[in-house]
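The values are calculated or read from the model by the stated rules, or taken from the named source; none is laboratory data. Please read these numbers as outputs of a predicted model, since none were measured by experiment. Here the Cβ is made from the backbone with ideal geometry for all residues, glycine too, and neighbour counts use every protein chain on show.
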Amino acid sequence: MVEPREFRNTVGHFATGVTVIAAEVDGEVRGMTANSFTSLSLNPPLLLFCVLKTSHMAQAIQSTPHFSVNILQEDQQMLSTYFAGIWKGEAPPPFSFTRWGEVHRLDGCSAAMACAVETIYEGGDHWIVVGRVVGLHQSDDQYRPLLFSRGKYGKLQT
């Protein structure tokens, strides 16, 4: 039998980028940090992310037809911590969202994808959300991606 904590620790050896998934529910933009994100198909353009079934975002994503995936830059670690729900500061770090068609894009992110919910699959204690990409944004700025591995943030050495 595989212990959940050991499984998580082992999978954590795989370095990932960090995203913030954003969705509007009842006029309020909600965000969630996710590194369980990947492209799925080029034609049609599909991506997926996974969300814990008991999370607020799981409830939000099932009640909205659209969401955005915002790829964080190295200097946005505070936002990752905030949207992961583990922020320790008295006030949230500064951030803003810009209306972008049917979704909201996190200002300052290195890239973003606007998506329509295509399908939601059962995946153990998570939902696997497949989104059809309907819009793309890339920052003009030079950026360095925010990385995450083994429970810690890292930097790309070039």
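Residues that are surrounded by 14 or more Cβ atoms within 10 Å (Cβ to Cβ), at pLDDT below 95, part of a helix (DSSP H, G or I) and among the small types (Gly, Ala, Ser) are absent from region 12-29. Candidates in region 23-59 are the residues that are farther than 28 Å from residue 150 by Cα and aliphatic (A, V, I, L, M); of these, the one that is nearest to the chain's Cα centre (by Cα) is 29.
When region 36-76 is limited to residues that are within 20 Å of residue 124 (Cβ to Cβ) and aromatic (Phe, Trp, Tyr), the one that is modelled with the lowest pLDDT turns out to be 37. Out of the residues in region 37-53 that are surrounded by fewer than 18 Cβ atoms within 10 Å (Cβ to Cβ) and in contact (Cβ under 8 Å) with a residue 60 or more places away in the chain, state the one that is nearest to residue 76 (Cα to Cα). Once the filter is applied, the top-ranked residue is 52. Taking the stated definitions as given, is residue 89 loosely packed, with under 13 Cβ neighbours inside 10 Å, in contact with a helix residue (DSSP H, G or I) (Cβ under 9 Å, 6 or more places away or on another chain) and under 22 Å from residue 17 (Cα atoms)? No: the conditions fail for residue 89. Restricted to region 77-86, and to residues there that are of a type in the set (A, V, I, L, M, F, W, C) and either closer than 11 Å to residue 34 by Cβ or at pLDDT 95 or above (or both), the residue that is surrounded by the fewest Cβ atoms within 10 Å (Cβ to Cβ) is 78.
Just need a number here: residues in region 110-158 that are out of contact with any helix residue (DSSP H, G or I) (no Cβ under 7 Å at 6 or more places or on another chain), buried (at least 18 other Cβ atoms within 10 Å of the Cβ), part of a loop (DSSP other than H, G, I, E, B) and modelled with pLDDT of 90 or more. Residues meeting the conditions: 1. If you go through region 98-131 and pick out every residue that is out of contact with any Lys or Arg (no Cβ under 7 Å at 6 or more places or on another chain), in contact (Cβ under 8 Å) with a residue 60 or more places away in the chain and either over 15 Å from residue 37 (Cβ atoms) or among the small types (Gly, Ala, Ser) (or both), you end up with 5. Per the conditions (1) in contact with a helix residue (DSSP H, G or I) (Cβ under 8 Å, 6 or more places away or on another chain); (2) at pLDDT below 95; (3) of a type in the set (A, V, I, L, M, F, W, C), the sole criterion not satisfied by residue 106 is (2). Across region 36-88, the qualifying residues are those that are assigned to a strand (DSSP E or B) and small (Gly, Ala, Ser), and the one among them that is farthest from residue 106 (Cα to Cα) is 41.
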